[in-house]
1. For the stretch 468-600, what is Rg from Cα atoms divided by 2.2 N^0.38 Å, rounded to two decimals?
2. Given all pairs of different Cα atoms, what value in angstroms does the Kirkwood hydrodynamic radius of the stretch 517-559 take?
3. If the convex hull of the alpha-carbon atoms of the stretch 563-665 is projected onto planes in all directions, what is the mean projected area in square nanometres?
4. Over the heavy atoms of His355, what accessible area does a 1.4 Å probe trace out, to the nearest 10 Å²?
5. So how exposed is Arg627, as accessible area in Å² (1.4 Å probe, rounded to 10)?
6. Going by the alpha-carbon gyration tensor, a ≥ b ≥ c the square roots of its eigenvalues, is the stretch 254-356 rounded (a/c under 1.5) or, if a/c is not under 1.5, prolate (a/b greater than b/c) versus oblate?
7. So what is Rg over Rh here for the stretch 184-264, counting just Cα atoms and using Kirkwood for Rh?
8. Tyr304 accessible area, nearest 10 Å², 1.4 Å probe?
Amino acid sequence: MWPLTWEAPHARCYSLDLGERAIALVEGGRSRCGSAIDDFGLVLCSDRQFLGKAGQEGARLDAGRARGLVVGFGRRRTGLATYGYWKTTTFLAGLRRDAIIAHDGHASLDYKRKAGLILPTGARRVRILRERRYRRTPLSATMLRDRVRLASVSAARAAGAFARGAAAPYHLMTSMAIAPPERLRIAPPDLRTTDSTVADQIYAGYFSFEGKTVQARGVSPFLATAPSEGWRRSLAGFSWLRHLQAFDKKVALANAQALVADFLSLPKLPPDDPAMEPAVVARRLLSFLSQSPTLLDGGDADFYDAFMLALARNARLLWRALAGGGARGADRLFCAIALAEFAVCADTGRKIAPHVSRALSTELDRQILIDGGHVSRNPQVAVDLLLDLLPLRQVIAARGLQAPPAVLRAIDRMMPMLRMLQHGDGSLAVFNGMGATALDRLASALAHEDSRGAPPVNAPYAGYQRMEAGDALVIVDAGGPPPFEFSNSAHAGCLSFEFSIGIERVIVNCGAASAPHLDARELARATAAHSTLVVGDRSSARIAPQSAPRRRAGRILAGPRNAEVERRRFEGGTTLILSHDGYARDFGLIHARELSLTADGAVLLGVDRLLASEGVRQAEASDFAVRFHIHPRVRVAPRADGAIELNLANGDIVVFEAQGLTPEVEDSIFFAAPGGARKCAQIVLRGTAAAGAEIAWSFRRRAGEQVPPDDQV
């Protein structure tokens, strides 16, 4: 409870019980209240004088126009109700998005929670318990810890922002030391495959990126109105230049030079243009370096000078982004790689080479975990990093230079990690931002692995587990959310798993939404889009919406703090015992899951339990749902005895059974299909969420006749 003092000799104080929390309502008298508000916002309305101050700075509310009380649950977020309608509204991007609205002094209060916005509608009643004087309530240990943690984070960010601002002039001056090169000593290879179809489209004036297509119609595509920011990023990143090599050489040369010349002739781009984002600048520098033999072949002196100047300008932008904090998360590592390639390839890169090498090593040690996973826990980030680190290693070796040990160490660690997450069909498990696997890119990266042994089965730092028996494979997400800085693509899928038999995927997660379905991105990140247990239709992690402020948009605000895993081997197979506390704060429950795969791979057994969390009072009764999303290639056939048959494309049949519950079959969607989102099914088990709840289920395999799948994915 917040500390509250007032001068109101005729005031009355009511205690309103909301289950987990209590609030105070003061009314009556010509009171004037001064309140120190932290987690709660309070507006006191009795007559035409200002009685309270909202928890948000500057949001002074006129109590004389109000006919009620608004208490916003969140971080300094409140609103003002007038005759049951909103007079002032603030978006709620805090940890909680609840509110109480009292109309005209009535004892019954309307209540509704809606993401992002409070609406004055609802049907939930809040009862006045008793009339009493307000008594100060001490902070709980949990609230105190949260406040201390948030205060320390805010202080650290403020200190970092001040330091970066103070050092900005210095970094600007040092970046100007990066001179345009007179020549390039070497050009790094591009390991990404080429597609002649894309080259044909570009030659015809069609630029298709991120699910959007623009027809240039004889004008520069860089002057066209971008249909989306993603399209603009892909266009300005120039990764598509490699496809022109698959076209006729003379035509490709002229087309590539003309397009690059169009971009170089543009006036200075504004800082908020997506083309100026550090990750896009890094991709553009890498593309220019790798395609420089084609671009500079036969070019005139003016184009040559403009191209070299563009390389230096891009390098300066990346230098300032790294030094000044403009690049964040995984983008910092891509910026460091691009700068390192420039330092190796350009004849003027010798001056910055030692500094860039240190920056690259620092980022690699910070972002590549001991077991080879990336700190973001996104497999796609690891693939993209390898496709850039491997060419860097090659050009360093070709020039006879010593590669930083951190580069060699990171490559050696990341290769086995990718194979750990690989299914029998070659695709990667869809966890934490992974979408459809580009098999050609993955194969190009893994082809450079020096020594190949059995894939690891335990990645405790990355938070993944693997069980394999025969041709059956289970991959489990056994980790909590990544650090805030790297959580913009992470999902709330703790303890979810994927199950495959040979090349046939059986149980999957929905995966990350691709460009044509970005409106479903938040849906795909929810716990319900994963093969795990969901309590109260809430996710185990709270994810900020994309409409939140830029530095918070899409980040994970809170999630499981303790994700535990124990691996046991026995003669009949392997067992994983897992748990997480993502539902402890809201429901006072711990989700525990036990997965067992028999030695022959014929049976996968599972048990999901809900345990009481120590020191947390259990919330009101709710429901749970255990979801198993089925791959689109699998046919689902419910049986009369309550079991469900899963008919695989290779003819095998997997029978799903649950003890004590009748499984339901519902529609689902698989975002990670190569051709785009596909409709699929999911098996759902429902029950009452309470401490001690337990549900056992199994997948048993038996041979059958081969049948063609409904959809080829």
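The values are calculated or read from the model by the stated rules, or taken from the named source; none is laboratory data. Values in this document were obtained by computation on a predicted structure and should not be read as measured data. Ligands, DNA and RNA are stripped out before the accessible areas are found, and what is left, the full protein with its side chains, is counted by its heavy atoms. Shrake-Rupley method; radii C 1.70, N 1.55, O 1.52, S 1.80 Å.
1. For the stretch 468-600, the normalised Cα radius of gyration is 1.14.
2. 11.0
3. The Cα convex hull of the stretch 563-665, projected and averaged over all directions, gives 8.6 nm².
4. The accessible area of His355 comes to roughly 90 Å².
5. Surface accessible to solvent at Arg627 totals approximately 30 Å².
6. oblate
7. Looking at the stretch 184-264, the ratio lands at 0.95.
8. Approximately 70 Å² for this residue.
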